[in-house]
Structures are given as structure tokens and as C-alpha cells.
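The values are calculated or read from the model by the stated rules, or taken from the named source; none is laboratory data. Computed from a predicted structure; not experimentally measured. Cβ atoms come from the backbone with ideal geometry, glycine included; neighbour counts cover every protein chain shown. With ligands, DNA and RNA removed, areas are computed over all heavy atoms of the protein, side chains included. Shrake-Rupley method; radii C 1.70, N 1.55, O 1.52, S 1.80 Å.
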Amino acid sequence: MISQANIEQMEHDGYTVVRQLFAPEEVEAYKEHYMRLRRDGSYAGDFSGVAAGETDPLKMYPRMIHMHRWDDLSLRWMLDPRINRALTTFLGQEPFAVQTMLYFKPAGARGQALHQDNYYLRVQPGTCMAAWLALDDCDEHNGCMQVAAGSHAWPLLCTVDADLNQSFTDVTVPLPADADVRPVLMQAGDVLFFNGQLVHGSYPNSSQDRFRRSLIGHYIQGDAEQVGRWYHPALRMDGSVVALDDSPDSSQCGVWVERNGEQVIEIAGANLVDADIHD
Ligand SMILES: O=C(O)CCC(=O)C(=O)O
């Protein structure tokens, strides 16, 4: 299931796709479940984006967050043994689970500007890891994930304003001209795993009529002692609660500078996220 190539790509590029980790009938059941939940009401943490105008498709399909706190299917998915096995292989130890999200991303929806997840989760020591399950086939037309291969080796970067015509979140990170940003083409049932330092995001869904739905879990290293306030309680993969401390609101971040004709990251100052803002 997890191949040597997956392990090597995770180490080298900071991400990898495990193909068909979830069966077509499971994917169908998740789609049906979340479309019903979306139709039936609104929930704490629903987010249709910064500057969403009246005609923004995300108004009808806001992102859901932390569903595992009130929805049993989401909790079971977050703790699924297949995801646990993959993450344990990549991290070398069992992780703690801290977040679920459901992106509907209907036709015409904006994407999410390139960012690093640990900017939000502020795991100490170490970093976080994401499991991103495609519920629809995804490609560049419906706004598939984009990753900057190798950026998992970078420190957290200082953010700048994002283009709100393209992104429903308002910050992004600057990249050097030679950054290797790649689209991640996936079929429904594939899971993209990626490191919390990896720069990633997505562009708008420019298709006429295709959703790009995804079920996402965020996890932190099993030796972490602190995580941002928004992510408590952390759960062990058997569902029991683990008590972790809050991590401080801000720390240092990096900026690109030119040195000897090359772009390198210099640690600058602190513009990291306020504890109440979350991915
Ligand atoms: O699905 C997307 O477009 C972005 C998701 C993301 O940034 C994440 O899972 O951390």
C-alpha cells in the first residue's frame, strides 16, 4: 500500500500520493454524507472566505472545519487505520490528530493561496502532516492541489497579502522564480500526504460544472508538546485525548534575500498568525 517510492518522495519532495487508499463506494458514501450535512444546515466554523461577494459559489458551499468534534463519520475517518499506517510510516511514530476539514470547491470557486500549514498549527517541537483525500477527480481545471516540491525543508516564511480574486484566504508566501510548483493530479480515492512546512494551496475551480471536494485531516508529530490553541484537544489515533500545551502566538519567520546571486531564506522577524486565526 505505502511503497518505497512513496517514502522516498515524502523525504525528498515533502509530499506523496497514495493511490486508491479509499474504495469508490467509501468515496461515494463520504460525498453523500457531506452534501447532506451541507444542505441540512450550518455549523460552527463554516467559512465562505475573506471578501466573499453575494454571488461567490463558496457562499452556498462554505468549507467545514473540525467536523470530527460533532460528526462520528468524520471522527472515524480521521482515525482510520490506513491513514494511521501511512502517517506512522512517514513520521516514524504514531501521530496525534488535531483537525478535519471538508472543502466543496464548486465550479467557479476561488482557491486557497499558497501557504504552509505549520504557520497555523505552530507545532513544537517538529511540524504537522496532512492527509488530503480526493472525493472527486482533480486536475488543473477544477483547481487541484499545487505543491512547491522540496519546500518542506524551508523554515516558516513571513506572509504577504494574497490576491482575493484567486484565493478565499488572505495571506500567501512569496516564492523565488525557480520554485518547483507542481499540480497534483488525483483520482477520487487517492490520498495526498504532505509535510506541514510544505508550501501548497490551489488555484480557482475554472470548470463549468465540476466540484473539487476533499476531506482533509491534519496531524502532528507524536512527540509534539505544543500546538496552537485552535487545535485542542489533540487525539491519539485510538481516539483518547492527549493533553498538550498551547504554543506561543508568534515566532520568527523567513524572508527571501539574494546572496551571491542566489535566493536564500533569512530569518527576519515575526509576522506569524494570531492564535484566533486558523487554516
Ligand atoms: O484544498 C485546498 O485547496 C487547500 C487545502 C489546504 O491548504 C490544506 O489542506 O492544508
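For G189, the conditions (1) closer than 22 Å to P106 by Cα; (2) in a loop (DSSP other than H, G, I, E, B); (3) open to solvent by 20 Å² or more (accessible area, probe 1.4 Å) all hold with the exception of (3).
When region 179-194 is examined, which residues are found to be within 13 Å of the ligand (Cβ to nearest atom) and farther than 20 Å from R85 by Cβ?
Start the filter on region 179-194 by keeping residues that are within 13 Å of the ligand (Cβ to nearest atom), which leaves 183-184, 186, 191-194.
P183, V184, listed by residue number.
Selection of region 227-244 for residues being more than 14 Å from Q99 (Cβ to Cβ) and either open to solvent by 50 Å² or more (accessible area, probe 1.4 Å) or within 15 Å of the ligand (Cβ to nearest atom) (or both) yields R236, D238, V241, A243. If you go through region 207-245 and keep only what is in a strand (DSSP E or B) and in contact with a helix residue (DSSP H, G or I) (Cβ under 7 Å, 6 or more places away or on another chain), you end up with L215, G217, H218, Y219, I220, V227. A single member of P204, P248, P174, P183 is at pLDDT below 95 and either outside any strand (DSSP E or B) or under 22 Å from L102 (Cβ atoms) (or both), and it is P248.
Go through region 91-112 and give me each residue that's of a type in the set (G, A, S) and more than 9 Å from the ligand (Cβ to nearest atom). Matches in region 91-112: G92, A97, A107, G108, A109.
Yes or no, residue by residue, for (1) open to solvent by 20 Å² or more (accessible area, probe 1.4 Å); (2) free of Cβ contacts under 8 Å to residues at least 60 places away in the same chain:
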| residue | (1), (2) |
| --- | --- |
| G126 | yes, no |
| M129 | no, no |
| V147 | no, no |
| H152 | yes, no |
| L157 | no, no |
| Q166 | yes, yes |
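Checking the stated criteria, D139 turns out to be open to solvent by 30 Å² or more (accessible area, probe 1.4 Å) and modelled with pLDDT of 95 or more. Filtering S206, S202 for residues that are of a type outside the set (A, V, I, L, M, F, W, C), over 25 Å from Q93 (Cβ atoms), in contact (Cβ under 8 Å) with a residue 12 or more places away in the chain and surrounded by 24 or more Cβ atoms within 10 Å (Cβ to Cβ) leaves a single hit, S202.
Inspect region 107-119 for any residue being over 28 Å from R19 (Cα atoms) and open to solvent by 20 Å² or more (accessible area, probe 1.4 Å) and give the result as yes or no. For region 107-119, residues over 28 Å from R19 (Cα atoms) and open to solvent by 20 Å² or more (accessible area, probe 1.4 Å): absent. Among the residues of region 17-39, is there at least one that is free of Cβ contacts under 8 Å to residues at least 24 places away in the same chain and of a type in the set (S, T, N, Q)? Among the residues of region 17-39, not one is free of Cβ contacts under 8 Å to residues at least 24 places away in the same chain and of a type in the set (S, T, N, Q), which makes the answer no.
I need the full set of residues from region 32-50 which are surrounded by 12 or more Cβ atoms within 10 Å (Cβ to Cβ) and in a loop (DSSP other than H, G, I, E, B), in order please.
Correct list: Y43, G45, D46, S48, G49, V50.
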